[in-house]
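Trainee: Could you have a look at this structure, given as structure tokens, before my questions?
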Amino acid sequence: MKNKRGFTLIEVSLVLVIIALTFGSLLFPLGTIMEQKSIDESKVKIKELKRSILNFVMSNYRLPCPDTDLDGAENLSGVNCTNVSGSIPYVTLRSPHSQDSWGQPFTYRVSGQLADRSNTNACGVAPPGVSIAVCSADPAFTEAEINVFSYDASGTPQPAAIGVAAIILSTGRNTGILGDAQNENLDNDTEFAKTNYGGTNASVPFNDIVVWITVNELIAELINTEVLP
């Protein structure tokens, strides 16, 4: 009768290591695929929010003010925005998109003079019913003070868009690590940073998604509605 030989502890350990490596190699691509899906979904949401804002401009002749109390509605103080920085006013825009794919409210920054209701115009004469401070005939328009910079792999900022009217921002997945570019988007000033999702700034991940609206886009919408010549 032959002796039955069982597995040694080393053999069992090797089998477990092989199984772990196999599952790990399968889970890594799955995690990457799911992350890319979240990125793509957030980009679609921001694109639709931008369209909703431009539709608002066509109906109201101004940009919406930010939501400052997370109720989804824009916040106005008299004819001016309560604050030029806050969250996207998705209720005012009649949009279902209040948060990005990671459950964070979309940040929204606007140039105050493009969102107020004071009936001012950069050309000096406002067409009837128009409160937005833009004019297709004024090349010296300077009301939009928001600037966007692009960070390359070395962390050096380069101008990407100067004097934009508004910013829509997703801060992306919380990695627990912040670099100069991400800090730039959190300091509540008029300067924002962009780079490719997953790019690096001094070897620190950057995963914000930044989209802006230019003054020329606003002018084009008002021309399309025959408000401006």
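Trainee: Say whether the condition of being in a loop (DSSP other than H, G, I, E, B), within 23 Å of D116 (Cβ to Cβ) and modelled with pLDDT of 85 or more is met by at least one residue in the stretch 136-154. Show your work before the answer.
Mentor: Step one: of the stretch 136-154, the residues in a loop (DSSP other than H, G, I, E, B) are 136-145, 152-154.
Still in the running and within 23 Å of D116 (Cβ to Cβ): 136-145.
If we keep only those that are modelled with pLDDT of 85 or more too, we end up with none.
No.
Trainee: Please indicate, with yes or no, whether at least one residue in the stretch 66-81 is touching a Leu at 6+ places or on another chain (Cβ under 7 Å) and in a loop (DSSP other than H, G, I, E, B). Spell out how you get there, then give the answer.
Mentor: Keep residues of the stretch 66-81 that are touching a Leu at 6+ places or on another chain (Cβ under 7 Å), which gives none.
No, the stretch 66-81 has no match at all.
Trainee: Can you confirm whether G72 is under 16 Å from the mean Cα position of the chain (by Cα) and of a type outside the set (D, E, K, R)?
Mentor: Numbers: under 16 Å from the mean Cα position of the chain (by Cα): no; of a type outside the set (D, E, K, R): yes.
The answer is no for G72.
Trainee: Can you tell me which condition N83 does not meet? The list is (1) in contact with a strand residue (DSSP E or B) (Cβ under 8 Å, 6 or more places away or on another chain); (2) touching a residue at least 12 places away in the same chain (Cβ under 8 Å), and all the others hold.
Mentor: Condition not satisfied by N83: (1).
The values are calculated or read from the model by the stated rules, or taken from the named source; none is laboratory data. Remember, predicted model here, so these are calculated numbers, not experimental data. Positions of Cβ are generated from backbone atoms using ideal geometry, with glycine treated the same way; all protein chains shown enter the neighbour counts.
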